[in-house]
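Report on the structure given below.
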Amino acid sequence: MPPEKTNPKNKNNGGVPTWQTLAHKRLLLGGGVNAHDSDSASASSSSLLDVPLAVGEGGGASSLGVGVGIPGASSVREDGGASASIANRLGRFPASQEGALLGGGVPGEECEWPDLLTSKECQVRARVREYCETKVFTQAAELWENAIHPKALWEGLGALGVGGGTTPSAYGGAGLSLVGAGLVNMELARVDGSLSAIYMIAGCLVTNTIVKLGSEAQKKKYLTQLCAHRTVGSWALTEAEAGSDASGLRTLATPLGGGLWQLDGRKRWIGNAPVASVIIIWARHAETGNTLAFAVEPGSTAGVSVKTMRGKVGLRAIQNGEIFLDGATVKEEARLPGVKSFADAAGVLAQSRVMVTWQPVGLAQGLYDVCLRHVKERMQFGVPLAASQVVQHKLMLMRANCNAMALYAWRLTRRFEQGEASGPDATLAKAWVTLRGRECASIGRELLGGDGLLAGSHVGKAFADMEAYYTYEGTFDINLLVAGRAHTGISAIRPRM
Ligand SMILES: Cc1cc2nc3c(=O)[nH]c(=O)nc-3n(C[C@H](O)[C@H](O)[C@H](O)COP(=O)(O)OP(=O)(O)OC[C@H]3O[C@@H](n4cnc5c(N)ncnc54)[C@H](O)[C@@H]3O)c2cc1C
């Protein structure tokens with residue numbers, strides 16, 4: 001069958017097949033990438049074979065011809081790969097349409113947001129955007145649907161020279177400004193929320209913790225590999241009994257003498273843990289109660305095991321794990337000497353929250369870009385959806401949110417870089433930006449109708465990913481309460497009974 005050239009139901013689309021036509025056709029055909037696919041789809045599928053499948057849910061990706069396939073049953077299977085092949089056909093993500101207020105979206109313009117960014121920040125942003133629109137987009141939906149760690153995409157991102165975010169080049173890092181690292185998070189999230197989360201944890205939070213609180217030996221041992229994306233790092237604070245109440249952690253570190261420590265406890269929800277070569281484990285000194293942190297190598301430390309958490313409905317491609325520490329013995333060299341109290345964890349989390357603020361900005365911008373294209377292409381009642389006042393109203397609410405979110409994230413980050421914004425400023429920004437992001441995701445999902453529930457339309461995936469952004473690195477409520485405490489001088493965080 002030759003590749004589809006036009007949408008017969010759509011007279012005004014300039015002969016370009018819309019993704020929804022392709023989706024419907026694919027569902028009817030009942031397959032993912034198969035012998036009937038165009039050359040571009042086949043090429044993309046073979047590159048996907050580089051992606052290791054062992055850590056995905058359900059044994060792998062059906063449309064890749066591996067994993068869950070039941071011989072001869074392709075016509076009745078759930079079409080897990082159809083969405084991704086739509087991305088393959090379209091080739092790249094829709095161009096960003098940021099509009100005049102932010103100074104972006106003008107074809108051929110050298111630097112988007114020219115009055116807000118340095119030329120290095122512009123270049124970094126453009127490099128990551130190109131990578132995301134061309135490489136990440138074609139694989140993201142399928143990896144998400146099958147909950148597969150995007151190893152090849154992670155390594156490819158490392159080759160762009162953005163690894164480690166703000167980590168100094170002396171340790172192999174990109175040495176980006178905080179705004180530069182934020183832009184990387186934003187551009188990644190615009191196309192794939194999961195890859196952005198992997199980068200935010202491994203490339204920003206873990207590396208920054210080692211830079212700020214680690215020993216010189218730990219910096220030399222871990223940072224170069226992490227910044228080159230040859231390894232993945234993870235950061236473990238949350239526990240079953242210590243979620244929002246993070247300082248109430250129960251994992252214990254017992255000094256054994258002879259320069260050894262024993263770790264006992266359980267961690268939960270830890271991003272990247274199942275694929276990490278080093279995990280920063282936060283614990284409490286068994287005798288003094290002081291907060292401590294250790295760089296633990298799960299692959300070579302007896303008493304440490306990691307179980308992948310299954311069935312997540314957002315950020316499915318990042319692997320979250322439960323960590324079991326049962327008499328795990330680590331050397332004194334693994335302890336981060338800069339950690340003196342819980343304030344040190346809060347300090348690195350404050351910068352990390354500044355980074356997280358960029359993620360909903362990216363996710364919302366990607367939603368807007370996809371929705372804008374969709375409503376101009378999708379014909380109902382003989383006209384494009386964009387001809388409806390209600391649709392334009394919804395779209396412009398998204399646009400205004402995107403503008404405000406981007407400017408808030410940019411201003412917060414510049415002030416933080418200059419030492420003029422505080423932790424509570426970051427918590428307020430993170431909370432507000434995710435609130436607006438959630439509104440954008442909800443409107444975007446509506447604008448695509450039923451297809452807004454499909455991961456492969458991009459919108460279904462981004463809608464679900466926004467929920468995770470709303471909750472991790474402190475929930476919406478807790479972040480507002482932290483900001484509220486700073487502004488009123490009264491803590492309402494610990495309820496009284
Ligand atoms: C996708 C994902 C990735 C994550 N990655 C990591 C990671 O890499 N490392 C890590 O350490 N952690 C990670 N987390 C954990 C995350 O930070 C916690 O989920 C979050 O802090 C909330 O904790 P909880 O889930 O235990 O919710 P809870 O603390 O049980 O909160 C449940 C609800 O109660 C509300 N609530 C709680 N206390 C109060 C209060 N005093 N007043 C008003 N409302 C309150 C909360 O706002 C929330 O709505 C991740 C979580 C997710 C979902």
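None of the figures in this text is laboratory data; all of them are computed from the coordinates on show. Everything quoted here is computed from the prediction, not taken from an experiment. Quick reminder, even Gly has a Cβ in these numbers, built from the backbone with ideal geometry, and neighbours come from all protein chains shown.
The slack in the chain from HIS393 to ALA346, taken as 0.36 nm per residue of separation less the alpha-carbon distance, amounts to 12.9 nm. The Cα center of the range 397-420 and the Cα center of the range 201-226 differ in position by 27 Å.
Derived scalar couplings between HN and Hα for the range 122-132 equal 4, 5, 4, 4, 5, 4, 5, 4, 4, 4, 5 Hz in order, rounded to whole Hz, by the Karplus curve 6.51 cos²θ - 1.76 cosθ + 1.60 (θ = phi - 60°), x for Gly and Pro.
The stretch between LEU435 and ALA240, if pulled fully straight at 0.36 nm per residue, gains 67.7 nm over its current Cα-Cα span. Ranked by how many other Cβ atoms sit within 10 Å of their own Cβ, fewest first, the residues HIS458, HIS285 fall in the order HIS285, HIS458.
Potential lengthening of the chain between GLU333 and PHE381 amounts to 10.4 nm, from the contour at 0.36 nm per residue minus the alpha-carbon distance.
With 31 Å as the limit on Cα-Cα distance, the pairs of LYS151/LYS461; LYS151/LYS394; LYS312/LYS394; LYS312/LYS430 that go past it are LYS151/LYS394. Going 7 Å from the Cα of VAL313 along its beta-carbon direction, which residues of the range 454-475 have the amide nitrogen within less than 18 Å of the resulting point? Within reach of a label on VAL313: 454-472.
Determine the distance separating the Cα centre of the range 344-373 from the Cα centre of the range 116-186; give it in Å without decimals. With the range 344-373 and the range 116-186 each reduced to a Cα centre, they are spaced 13 Å.
Extending 7 Å from the Cα toward the beta-carbon at both GLU420 and SER305 defines two label points whose distance is 5.3 nm. Once the C-beta distance of GLU287 and HIS487 is scaled by a Förster radius of 41 Å, the resulting FRET efficiency is 0.65 to the nearest 0.05.
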